[in-house]
Amino acid sequence: MILRKEYWFEAAHFIYNHPGKCRNLHGHSYKLFVLLEGQVNAETGMIIDFDDLSKVVVEKVISKLDHRFLNDLIPLSTAENISVWIWEQLKPELPALCQIEVYETTDNCVIYRGA
């Protein structure tokens, strides 16, 4: 079974080696989907408690990215590199993590399932 939870963060960045408009400082309203795969625990009836999942995601990711300048953490802050960075923050805490989806806009998304 796969569980999915949605998060949002606002952040600014620029892509220093981009030939177009993304070379300039700009911001996005990012949407993040975190997906975990596992068996339902017979005792709890859950894969993971959504509140427990949110504690990890907020502490490890949202608190570090929301209303921040992404280039300070991820120098080449493309959606692809942001996805890898998020995965690296979450996977040690969430072994059942199977996929993340990072939306820069409503129609631009990167899906990452680990290396």
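Worth a mention:
- Leading residue by the ranking (nearest to Leu97 (Cα to Cα)) among those in segment 18-41 that are within 16 Å of the chain's Cα centre (by Cα) and aliphatic (A, V, I, L, M): Leu36
- Test for Ala42: is it hydrophobic (A, V, I, L, M, F, W, C), under 22 Å from Asp107 (Cβ atoms) and surrounded by fewer than 17 Cβ atoms within 10 Å (Cβ to Cβ): no
- When each of Ile74, Ile100 is tested for being at pLDDT 95 or above and more than 21 Å from Met1 (Cα to Cα), the lone residue that passes is Ile74.
For (1) modelled with pLDDT under 95; (2) closer than 13 Å to Leu94 by Cα; (3) in contact with a strand residue (DSSP E or B) (Cβ under 9 Å, 6 or more places away or on another chain), each residue gets a yes or a no:
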site: Glu10; (1), (2), (3): no, no, yes
site: Pro19; (1), (2), (3): no, no, no
site: Ser29; (1), (2), (3): no, no, yes
site: Leu32; (1), (2), (3): no, no, yes
site: Ser54; (1), (2), (3): no, yes, yes
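Let's see how each residue does on (1) in contact (Cβ under 8 Å) with a residue 40 or more places away in the chain; (2) touching a helix residue (DSSP H, G or I) at 6+ places or on another chain (Cβ under 7 Å):
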position: Leu76; (1), (2): yes, no
position: Glu88; (1), (2): no, no
position: Glu93; (1), (2): no, yes
position: Gln99; (1), (2): yes, no
position: Val102; (1), (2): yes, yes
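- The condition of being more than 11 Å from the chain's Cα centre (by Cα), closer than 22 Å to Glu10 by Cα and aliphatic (A, V, I, L, M) holds for only one of Val56, Val102, that being Val56.
- Residue tally, condition farther than 16 Å from Leu97 by Cα and either outside any loop (DSSP other than H, G, I, E, B) or not hydrophobic (A, V, I, L, M, F, W, C) (or both), over segment 1-16: 7
- Some residue of segment 42-51 being touching a residue at least 40 places away in the same chain (Cβ under 8 Å) and within 11 Å of the chain's Cα centre (by Cα): no
The values are calculated or read from the model by the stated rules, or taken from the named source; none is laboratory data. For clarity, every value in this text was computed on a predicted model and none was experimentally measured. Neighbour counts are summed over all protein chains in view; Cβ atoms, including those assigned to glycine, are modelled from backbone coordinates with ideal geometry.
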